[in-house]
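Here is the structure we will look at, set down as structure tokens.
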Amino acid sequence: MSRAFVKESDGADDLPERPVPEGRNLVTRRGLALIEAEIAAAREALAAAGSSSDRALAARASRDLRYWTRRRQSAEPVDAPAGGADTVIFGALVTLEASDGTVRRLRLVGADEADPAAGRIAWSAPLARALIGREIGDEVTLAGQPAEIVAIDTTPEPA
């Protein structure tokens, strides 16, 4: 059979949608700014792909734009209360001291802005859920060992 009339796929149509996390989409103001920057970047990539006729790039940019637009539509910006908080809340920077003296600082953020290597953990992560509602002096398990909450800072990160 001749291949002259068979449509070859460039993979652009095979690109799966990015899965949208279930549940509430809590975001910090910084997280909201990051989502808006991702939307702008996806729009730019889509425009660039359109002018270059690169179907794979256009498909990827369209998929990313759909994802980030959905995330922006469902975003629930959360501001820390004025005057701080006595308990760990969404957006707080928590300082933990492990029993071996190791100090670790973690900020509870939205799923899309989580970066554990940078100390930002999603509020829905098991450790974050264990921290929410706790106070200075409370103990939690961190990397398999007890750790004490030694500070809670609700000052937001700059957007």
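A short reminder: the numbers here are calculations on the coordinates, not readings from a lab. These numbers come from a predicted model, not from an experiment. Glycine gets a Cβ as well: all are built from the backbone with ideal geometry, and neighbour counts include every protein chain shown.
Mind listing whichever residues of the stretch 107-128 are without any contact (Cβ under 8 Å) to a residue 40 or more places away in the chain and more than 16 Å from residue 34 (Cα to Cα)?
First, pick out the residues of the stretch 107-128 that are without any contact (Cβ under 8 Å) to a residue 40 or more places away in the chain: 108, 114-122, 125-128.
Answer for the stretch 107-128, where residues must be without any contact (Cβ under 8 Å) to a residue 40 or more places away in the chain and more than 16 Å from residue 34 (Cα to Cα): 116, 117, 119, 125, 126, 127, 128.
Residue 115 meets each of the listed conditions (1) within 19 Å of residue 29 (Cα to Cα); (2) in contact with a strand residue (DSSP E or B) (Cβ under 8 Å, 6 or more places away or on another chain); (3) of a type in the set (Asp, Glu) apart from (2). Entry remark, the stretch 48-79: residues being closer than 30 Å to residue 151 by Cα and touching a strand residue (DSSP E or B) at 6+ places or on another chain (Cβ under 9 Å) number 4 in total. Considered as a group, the residues in the stretch 122-159 that are of a type in the set (A, V, I, L, M, F, W, C) and over 23 Å from residue 82 (Cα atoms) include one that is surrounded by the most Cβ atoms within 10 Å (Cβ to Cβ), and that residue is 147.
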